[in-house]
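Here's the structure we're looking at; comments come further down.
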Amino acid sequence: MKNVIAFLTAAILFTFSVQAQDSMMKKDKIMDSTVKTISLEQVKGEFVQKQITVDAGTYEFAVANNNVGHDVGFVLVKKGQDISKPENHIKTAYVTKVVTTGTTEKSKATTLTAGEYVYFCPMNPTATDNLLIVK
């Protein structure tokens, strides 16, 4: 009977160990996912980059304020959606804090799927037809 209990205990511990290792490997793969950067520059009244094409993937947006004269931000919306409605904004793409003159701020990691997106800055204000194409 002791041998059976010892065997079952060892089997259970082995199972938990394998599951824990598998879970750790999955987390490592997720953390190894490459987050690429899309750099954008704002000048007075506009983005320097009017159209950008990238592959589907996970990106952060780095937005530079090149002497606009006041703080700027960044809004990304799937093309065709009403840009005036905040519920249509891709909130992870917002810069994490306003971009002051002469600085660059980044967004959180944002996963982009194939399609077209528009970006703009309501604080600058910039055109609302800047285009991000994701293949």
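The values are calculated or read from the model by the stated rules, or taken from the named source; none is laboratory data. The structure presented is a predicted model; accordingly, all values stated were derived computationally and were not measured. Cβ: placed from backbone, ideal geometry, glycine included. Neighbour counts: every protein chain shown.
Looking only at segment 50-71, residues that are touching a residue at least 60 places away in the same chain (Cβ under 8 Å) and either touching a helix residue (DSSP H, G or I) at 6+ places or on another chain (Cβ under 8 Å) or hydrophobic (A, V, I, L, M, F, W, C) (or both) come to 3 in all.
Of the residues making up segment 119-132, not a single one is among the β-branched types (V, I, T), under 20 Å from E41 (Cβ atoms) and part of a strand (DSSP E or B).
To keep it simple, each residue is scored yes or no on (1) surrounded by 11 or more Cβ atoms within 10 Å (Cβ to Cβ); (2) at pLDDT below 95.
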| position | (1), (2) |
| --- | --- |
| T9 | no, yes |
| V18 | no, yes |
| K29 | no, yes |
| Q42 | yes, no |
| E46 | yes, no |
| T53 | no, no |
| T58 | yes, no |
| D71 | yes, no |
| K78 | yes, no |
